[in-house]
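Structure first, commentary second.
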Amino acid sequence: DVSPEALHIQDLDVSYGQSVRALRGVTLTVPAGSVVALLGANGAGKSTLLRTVSGTLRMHRGAITAGSVEYAGRKLNGADPVTAVRAGVVQVPEGRRVFGALTVDENLRAGGLGLHRSRRDNAARDRVFGLFPRLAERTNQRAGLLSGGEQQMLAIGRALMAAPKLLLLDEPSLGLAPQMVARIGEVVTEINRQGTSVLLVEQNAAMALELAGHAYVLEVGEVRLSGPAAELARTDEVRRLYLGEE
Ligand code: ATP
């Protein structure tokens, strides 16, 4: 894919300190306008890959030791989160971290900081409230009092306030009730339909493979399998290890 708003990761090595090699020779593309799923067991390196793209790796004492990360033709290697956000790349962190003592509205505003134009702000808010009507009903409620599913929606909404072109989602369905998981799936599809690419890390492989066009399977820091999601879902390895089939 040579389109300008694609994410290209090439031969990427990432380490934490001297001894932990979290990613080894990872090559991955998120074409503009697509949903790409990233599967893998605990510790496979999924979060590390997202941190590398969003510029938060250094906050976790990690470093790129080889390879490149490019978004929209720009090298993001080792860039800080502000640079990534300005380039259009925003991560929703694992664990639906919201500011519990702040209101829904204040949380959303925090996501739009640095984008000064109020008109753009309002468009982003309208988009968030269109996707999550429950948040619109609770703008003055403290985020800490929301349900788990609502907090996940707020975490996604906060990321959308920065008007991303590529959204990085880390385990959005983790710990949520089935109904809420389904809702998150619909939301990812809708966000993508509105023109935002999505790189989706999920333990729920069945859902991820349904939402995504392409998928990658990471095993101990390396890409083990990749291809069209529907094809991967039919392979023995994915069915056995990730879809829990016999
Ligand atoms: P999980 O779903 O458990 O988060 P993951 O696939 O996202 O798994 P990573 O969190 O990226 O995997 O971890 C990849 C490897 O890097 C693991 O061996 C992990 O122990 C190690 N690791 C992750 N973060 C750090 C850190 N801040 N310092 C040292 N090692 C780390």
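Note: the chain, Cα convex hull, 119 Å³ per residue. Using a cutoff of 8 angstrom between alpha carbon atoms and counting only pairs six or more residues apart, the relative contact order for segment 96-246 works out to 19 percent. The Cα center of segment 78-104 and the Cα center of segment 4-69 differ in position by 17 Å. When only Cα pairs under 8 Å and 6 or more residues apart are kept, what is the percent relative contact order across segment 6-106? Reported as a whole number, the value is 29 percent.
Solvent-accessible area per residue in the chain equals 48 Å², computed with a 1.4 angstrom probe and all protein chains kept. For segment 1-119, dividing the convex hull volume of the Cα atoms by the residue count gives 134 Å³ per residue. Reported to the nearest whole Å, the Cα centre-to-centre distance from segment 203-246 to segment 153-185 is 20. At a Förster radius of 22 Å, what calculated FRET efficiency corresponds to the Cβ-Cβ distance of D236 and A206, to the nearest 0.05? Step by step, r from the Cβ atoms, then E = 0.90. The phi torsions of segment 24-38, fed into the Karplus equation with coefficients 6.51, -1.76 and 1.60 and a -60° offset, translate into couplings of 9, x, 7, 10, 7, 10, 10, x, 4, x, 9, 10, 10, 9, 10 Hz, rounded to whole numbers, with Gly and Pro shown as x. The amide H of L225, built 1.01 Å from its N in the peptide plane, has V217 as neighbours under 5 Å, considering only residues 5 or more places off or on other chains.
Here the chain has 49 percent of its accessible surface on carbon and sulfur atoms, given a 1.4 Å probe and all protein chains in place.
The string of couplings for segment 177-188 from the Karplus curve (6.51, -1.76, 1.60, θ = phi - 60°) is 5, x, 4, 6, 4, 4, 5, 4, x, 4, 5, 4 Hz, one whole number per residue in order, with x for Gly and Pro. If you stretched the chain out fully between K75 and R97, how much longer would it get, using 0.36 nm times the residue separation minus the C-alpha to C-alpha distance? Here the segment from K75 to R97 would lengthen by 5.1 nm.
The values are calculated or read from the model by the stated rules, or taken from the named source; none is laboratory data. Since we're looking at a predicted model, the values are computed, not measured. Note: ideal-geometry Cβ built from the backbone for every residue, glycine included; neighbour counts use all protein chains shown. Areas reflect the complete protein model, heavy atoms only, side chains present, ligands, DNA and RNA absent. Shrake-Rupley method; radii C 1.70, N 1.55, O 1.52, S 1.80 Å.
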